[in-house]
Amino acid sequence: MVGSSHKGMKFLFIPVSSAEGIGEYMRSLIIADAIADRWPQAQIRFILHRDAPYVSACRYPTELLDETPTKRVAAVNQIVSDYRPDVVIFDASGRKTQLQHAKRCGAKVIFISQHRRKRSRGLKWQRLRVTDSHWVVQPKFFIGDISWLERLKLRWLRKPEPITVGPVFSSPQPARQQQLLSQYNLRANNFWLFNAGSGGHQVAGKLVADTFAKAAAGVYQQTGMPCVMVFGANYRQALPQYPGVVAVTDIDNVSFISLLAAAASAVLAGGDTLLQALALHIPTVAVPVAKDQHARINSCAAQHLCLKAEFDTSVMINCAIALREPEMQMQLKQQMSSQGLSNGLDVVMAQLEALLR
């Protein structure tokens with residue numbers, strides 16, 4: 001256990017933030033909440049893009065910038081100089097000069113990467129020198145191993161290898177789960193969960209969430225099983241209403257995970273929520289809605305961990321119906337169990353404790 005001298009430590013989170021995506025912020029928020037729970041006297045601060053729709057809901061003090069923090073080198077460095085954090089967590093963000101400055105100011109520097117290209121960036125010479133811990137939030141089977149050259153650099157600089165922590169999410173809470181099931185008039189293992197990400201993504205000028213909602217309506221018509229459609233914090237339209245579809249504008253991660261863990265099946269975009277569903281062993285149809293999601297979904301489908309559907313309402317409906325076949329359910333659940341996927345938050349907190357000793 002970390003000693004009492006660490007209770008008042010300062011943590012600074014610098015996730016990629018914009019008016020569209022939400023994944024990096026949500027992951028940082030989940031880690032921040034775990035830190036606040038473990039060390040109630042810790043001071044936690046965020047640096048965010050002022051146009052990000054979740055800014056007003058952030059429960060921690062925030063520094064707001066006109067662009068994503070990676071593009072505002074001087075501004076971020078000034079905040080670090082003024083705040084003097086003990087730990088700075090760059091979630092898929094940060095230029096080498098920002099990491100270097102945080103290190104010069106005496107902070108422990110943590111870099112989070114979520115795909116192979118970002119991991120390689122974190123393994124460049126000048127970043128390696130100032131990074132104390134590198135967390136990879138992808139399963140090992142998807143991202144693969146580092147190269148021989150990257151391993152040689154790590155040995156030369158006497159740095160640890162990146163730690164593959166997998167998906168990071170809040171643990172399901174039974175009391176909250178029962179409350180949500182009662183609120184939406186649902187029964188555990190007898191509803192679908194649909195989510196297209198943050199709600200702000202568009203494909204060919206169409207809001208992705210609208211297509212997911214139409215697919216949910218089609219699935220209810222053909223199966224009679226109710227659907228929950230989580231539209232996301234970035235969805236700015238009035239929520240469409242369909243028979244058999246519970247429309248939810250936005251819920252916190254604990255609520256989302258608690259609902260997901262109770263769902264019979266899910267239809268999800270290929271972001272963090274897909275990996276969370278796999279870790280919870282929920283049979284899932286995955287739909288790529290952003291260019292960086294194709295490789296992840298293809299890899300998961302090739303491992304027989306999920307079904308893949310193209311971004312098309314009728315295709316999504318047909319795949320969802322195929323997903324409900326008992327033989328398909330059994331095969332997917334067996335494969336998910338065999339991969340040993342779990343919640344990476346436990347690994348993250350263990351790494352933080354070790355770093356702070």
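The values are calculated or read from the model by the stated rules, or taken from the named source; none is laboratory data. Remember, predicted model here, so these are calculated numbers, not experimental data. Neighbour counts are summed over all protein chains in view; Cβ atoms, including those assigned to glycine, are modelled from backbone coordinates with ideal geometry. Note: areas computed on protein heavy atoms with side chains; ligands, DNA, RNA excluded. Shrake-Rupley method; radii C 1.70, N 1.55, O 1.52, S 1.80 Å.
Nearest 0.05, what FRET efficiency do Trp156 and Asp292 give at R0 = 25 Å with Cβ-Cβ as r?
Details: r = 31 Å, r/R0 = 1.23.
Efficiency at R0 = 25 Å is approximately 0.25.
Could you grab the relative contact order for the chain? Cα pairs under 8 Å, six or more apart, rounded to a whole percent.
This gives 15 percent for the chain.
What would the Debye equation give as log₁₀ I(q)/I(0) for the chain at q = 0.07, 0.09, 0.11 Å⁻¹, counting only Cα atoms as equal point scatterers?
Computed log10 I(q)/I(0) values: -0.30, -0.50, -0.75.
Which angle between 0 and 90 degrees, to the nearest 10, do you get for helix 73-83 versus the longest principal axis of the chain when only C-alpha atoms count?
Approximately 70 degrees, to the nearest ten.
Say each of Arg59 and Arg116 gets a label point 7 Å from the Cα, pointing the same way as Cα to Cβ; how far apart are those two points in nm?
Placing both labels 7 Å along Cα→Cβ, they lie 3.9 nm apart.
Could you estimate the translational diffusion coefficient of segment 212-357 from the Stokes-Einstein equation, with Rh from the Kirkwood formula over C-alpha pairs, at 25 °C and 0.890 mPa s, in whole µm²/s?
152 µm²/s
Compute the distance in nm between two label points, each set 7 Å from the Cα along the Cα-to-Cβ direction, one at Arg236 and one at Ser171.
3.9 nm
What number, rounded to the nearest 500 deg cm²/dmol, is the helix-based mean residue ellipticity at 222 nm of the chain, given -39500 (n - 2.57) per DSSP H run of at least four residues and division by all its residues?
When only DSSP H runs of four or more count, the value is -12500 deg cm²/dmol.
Please work out the average accessible area per residue across the chain, using the 1.4 Å probe convention, and give it in Å².
Per residue, the chain has an accessible area of 43 Å².
Between segment 332-352 and segment 131-210, what's the alpha-carbon centroid distance in Å?
When both Cα centres are located, 10 Å separates them.
Using Cα positions and a limit of under 25 Å, work out the lysines in reach of Lys206, with same-chain residues fewer than 8 apart set aside.
By straight Cα distance, Lys206 reaches Lys214, Lys291, Lys308.
Where does the charge balance sit around Gln339 when Lys and Arg score +1, Asp and Glu -1, over other residues with C-beta under 15 Å from its C-beta?
+3
If amide H atoms are built 1.01 Å from N in the plane of the peptide, which residues on other chains or at least 5 residues away come under 5 Å of the amide H of Val289?
Gly270
Please give me the summed charge of the neighbours of Thr211: other residues whose Cβ is under 12 Å from its Cβ, Lys and Arg +1, Asp and Glu -1.
Counting the neighbours of Thr211, the net charge comes to -1.
In segment 89-186, which trypsin sites (Lys or Arg not before Pro) are in a loop and have at most 15 other Cβ atoms within 10 Å, using DSSP for the loop call?
Hits after loop and neighbour filter: Lys124, Arg158.
Determine which lysines satisfy two conditions relative to Lys71: a Cα distance under 18 Å, and not lying fewer than 8 residues away in the same chain.
Excluding near neighbours in sequence, the set is Lys96, Lys118.
Quick one: plug the Kirkwood hydrodynamic radius of segment 55-97 (C-alpha pairs) into Stokes-Einstein at 10 °C, 1.306 mPa s, and report D in µm²/s.
138 µm²/s
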